[in-house]
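What follows is a short report on a single structure.
The values are calculated or read from the model by the stated rules, or taken from the named source; none is laboratory data. On a predicted model such as this, the values are computed, not experimentally measured, just so you know. Here the Cβ is made from the backbone with ideal geometry for all residues, glycine too, and neighbour counts use every protein chain on show.
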Amino acid sequence: MQSHAEERALLKAIAAGDAKALERLFARAQTRIFRFLMRVVKNQAIAEELLNEVFLSVWQNAQRYEGRSEPMTWMLAIAHNKAISALRKKTEVLGIVDEVARDLAAEDDTPDIAAQKHDKSAKIRACMAELSADHRTILDLVYYQEQSVAEAAEVLGIPEATVKTRMFYARKKLSELLLERGIDRGWP
């Protein structure tokens, strides 16, 4: 994929000390990484701070990128590790994720349909919040970050079989929670 090649080239330039390449990579990847961090830490200020730390790590460690994974997978692994470290430092429970299904309303939706979609989105967020951190992270990586099972395994540092098992149980639990709230479709 061309974007992967461009990201690899940017990382190579960053490793050589090109600050403009870091700016370009940041512009390309910041939203995706920020959303991932938000779903893990559930706090905007912490996610913004971690986003800066992720790109500082990219700047400092670009020469260590070996190309065995896609650049986004490598950066998401850095983000995951920083988020887990931040959560270990925190003792308070953080709020519910805001990013799940944020843009559900279509331009031609009536106010009633938009309200129904908003209600469904709130129910999905509430159900996601009830999942374990491991299950939320797996669903986020595979469905929202569009990582393959192999890439998710690499990001989390766990075997692919564990990713598949967690996905199965996460989807099963989420489906049960959605059914309890009257949402009976969208998850096999």
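Looking at LEU179, LEU174, LEU156, LEU141, which one is within 13 Å of LYS123 (Cβ to Cβ) and in contact (Cβ under 8 Å) with a residue 40 or more places away in the chain?
Going through LEU179, LEU174, LEU156, LEU141 in turn, the sole match is LEU174.
Filter the stretch 12-61 for residues that are among the basic types (Lys, Arg), assigned to a helix (DSSP H, G or I) and buried (at least 18 other Cβ atoms within 10 Å of the Cβ) and give the result.
ARG35, ARG39
How about the stretch 1-34: which of its residues are closer than 13 Å to ASN52 by Cα and of a type in the set (Ser, Thr, Tyr)?
THR31
Mind checking which residues of the stretch 62-79 are of a type in the set (Asp, Glu) and surrounded by 18 or more Cβ atoms within 10 Å (Cβ to Cβ)?
Hit for the stretch 62-79 is GLU70, nothing else.
Tell me which residues, restricted to the stretch 142-170, are at pLDDT below 85 and part of a helix (DSSP H, G or I).
VAL142, TYR143, TYR144
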